[in-house]
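The values are calculated or read from the model by the stated rules, or taken from the named source; none is laboratory data. Bear in mind the structure is a predicted one, so any value in this text is a computation, not a measurement. Here the Cβ positions follow ideal geometry from the backbone for every residue, glycine too, while neighbour counts run over all protein chains shown. Side chains included, ligands, DNA and RNA excluded: accessible areas come from the protein's heavy atoms. Shrake-Rupley method; radii C 1.70, N 1.55, O 1.52, S 1.80 Å.
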Amino acid sequence: VIIGVDTGLCVTLWNGEAVKLTGKDFNQVEGRRITEVLPLFEPVESILSGAVIQGKIQRPERFETIAANERVFYDISAYPLVTDTIDGAVLRIDNVTTRVYREEMIIQTEKMQSIGGLAAGMAHEINNPLTTILTTGMLIQEELDPDNPHFAELEIIARETLRCRKIVT
């Protein structure tokens with residue numbers, strides 16, 4: 001969306017994207033104050049004033065609003081406009097909702113990858129002592145007489161160690 005305003009912040013330029021955003025054509029908004037034609041965008045007036053008064057490009061933080069019960073994000077910029085015949089500013093509004101949602105998805109994906117990496121590392125660290133317990137139990141079992149009362153306990157140790165390994169993996 002590109003909108004031009006004079007020093008009084010009244011609309012002097014209104015492009016097709018502004019028409020799509022607001023449903024108002026240029027004839028309906030020409031000469032009207034920006035806050036009247038864009039009431040949803042509260043910070044626009046101060047952003048444009050900054051561009052007109054300070055003569056510097058204004059790029060505030062991302063603007064978030066609710067439209068049709070959904071979060072919508074906009075990047076808003078105001079550029080001072082000084083020519084021989086016109087003084088004012090040009091407002092640029094970019095709908096960045098898709099980009100914001102993609103960034104949020106990337107962040108979530110990276111978090112899940114990190115959690116997966118941590119889980120894999122923990123599983124590996126838990127499996128190491130389980131392997132030692134299982135191997136040691138088998139070695140002791142080989143040395144014990146099957147009639148020894150502790151022989152059955154070693155089978156329990158082996159069974160429970162294997163059960164732990166299945167839980168971890």
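Structure summary
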quantity	calculated
Spin-label pair residue 19/residue 57, simplified geometry with 7 Å Cα→Cβ offset, distance in nm	2.9
Relative contact order %, the chain, counting alpha carbon pairs below 8 Å whose residues are six or more apart	16
Positive minus negative residues near residue 46 (Lys, Arg vs Asp, Glu; Cβ under 15 Å)	0
Neighbour-limited loop hits for GluC sites (Glu not before Pro), the range 12-42 (at most 15 other Cβ within 10 Å; DSSP other than H, G, I, E, B)	30
Segment residue 132-residue 162, extension gain: residue separation times 0.36 nm, minus the distance between their alpha carbons	9.6 nm
Calculated FRET efficiency for the pair residue 94/residue 124, C-beta based, R₀ 45 Å, to 0.05	0.45
Accessible area per residue, Å², the chain with all protein chains present, probe 1.4 Å	67
Percentage, to the nearest whole number, of Cα pairs in the chain over 23 Å apart	61
In degrees, nearest ten, helix 151-168 long axis to first principal axis of the chain (Cα)	10
Apportionment of accessible area to carbon and sulfur, the chain, percent (1.4 Å)	57
Highest-fluctuation residue, 116, 55, 31 considered, GNM on the chain with Cα pairs under 10 Å	116
Whole-number Å³ per residue for the convex hull built on Cα positions in the range 84-166	104
Table column - 3J(HN,Hα) (Hz), the range 76-82, Karplus curve with 6.51, -1.76, 1.60, x for Gly and Pro	10, 9, 10, 10, x, 10, 9
Theoretical FRET efficiency, 1/(1+(r/R0)^6), r = Cβ-Cβ of residue 35 and residue 106, R0 45 Å, to 0.05	0.80
Formal net charge of residues neighbouring residue 33 (Cβ-Cβ distance under 12 Å; K, R +1; D, E -1)	-3
In Å², nearest 10: area of residue 112 left accessible to a 1.4 Å probe	120
